[in-house]
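Bear in mind that the values in this text are calculations on the coordinates, not laboratory data. These numbers come from a predicted model, not from an experiment. Because the Cβ atoms are built from the backbone with ideal geometry, glycine has one as well, and the counts that use them run over all protein chains shown.
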Amino acid sequence: MHEVDKDSFQSEVLESGEFVVVDFFGDGCVPCQALLPDFEALAEKYQGKASFVKLNTSKARRLSISQKVLGLPTVVIYKGGEKLEEVTKEGATKENIEAMILRHISA
């Protein structure tokens with residue numbers, strides 16, 4: 001798992017033909033920091049079935065707004081440039097994120 005930015009988001013997420021799970025986080029977002037170990041564990045568990053990246057919204061505000069990410073933390077699954085589903089704020093738990101992944105990717 002690695003971090004994408006406003007310059008690499010298009011090519012690594014929107015132009016990818018694979019499933020891409022994006023963790024939108026922000027500087028100073030305590031719930032985002034708490035979610036990171038769970039997101040990393042899911043990235044390891046589903047390695048090879050989807051790409052996992054994170055995007056710092058503090059450094060890419062316009063991009064975040066264009067993706068309709070208005071609250072943090074938000075985790076979105078994309079395929080072929082299309083946003084398939086997202087979990088956000090209080091719903092962004094490991095269980096909910098994994099359930100979202102499983103609805104789109106066969107484990």
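A few notes on this one:
- Amide H within-cut-off set for K54, under 5 Å, with H built and near neighbours excluded: H2, E3, V4, D23
- Computed 3J(HN,Hα) for segment 99-105, one whole-Hz value per residue from the Karplus formula 6.51 cos²θ - 1.76 cosθ + 1.60 where θ = phi - 60°, is 4, 4, 4, 5, 5, 10, 10, glycine and proline marked x.
- Straight-distance crosslink candidates among lysines, where the alpha carbon sits under 24 Å from K59 and sequence neighbours closer than 8 are dropped: K6, K68, K79, K83, K89
- Electrostatic dipole magnitude of the chain [Cβ: Lys, Arg +1; Asp, Glu -1; Cα centre; debye, to 20]: 260
- Residues whose placed amide H lies under 5 Å from that of G26, excluding near-sequence neighbours: T57
- Option label - Rg/Rh (Cα atoms, Kirkwood Rh) computed here, alternatives [x] 0.92; [y] 1.25; [z] 1.19: [x]
- Across segment 42-49, rounded Karplus estimates of 3J(HN,Hα) from the backbone phi angles (6.51 cos²θ - 1.76 cosθ + 1.60, θ = phi - 60°) give 5, 4, 6, 5, 9, 4, x, 9 Hz, Gly and Pro being marked x.
- Label-point separation, E44 to K89 (7 Å along Cα→Cβ), nm: 3.2
- Candidate lysines for bridging to K45, where Cα separation is under 17 Å - those fewer than 8 sequence places away on the same chain excluded: K54, K94
- Selection among Q33, S58, Q47 by position relative to the dipole of segment 1-66 gives S58 as farthest towards the positive end (Cβ unit charges, Cα centre).
- Sparse-neighbourhood loop sites, GluC sites (Glu not before Pro) in segment 7-107 - DSSP loop, at most 15 other Cβ within 10 angstrom: E15, E18
- Phi to ³J(HN,Hα) by Karplus 6.51 cos²θ - 1.76 cosθ + 1.60 over segment 10-20, Hz, x for Gly, Pro: 4, 6, 8, 10, 6, 9, 6, x, 8, 6, 10
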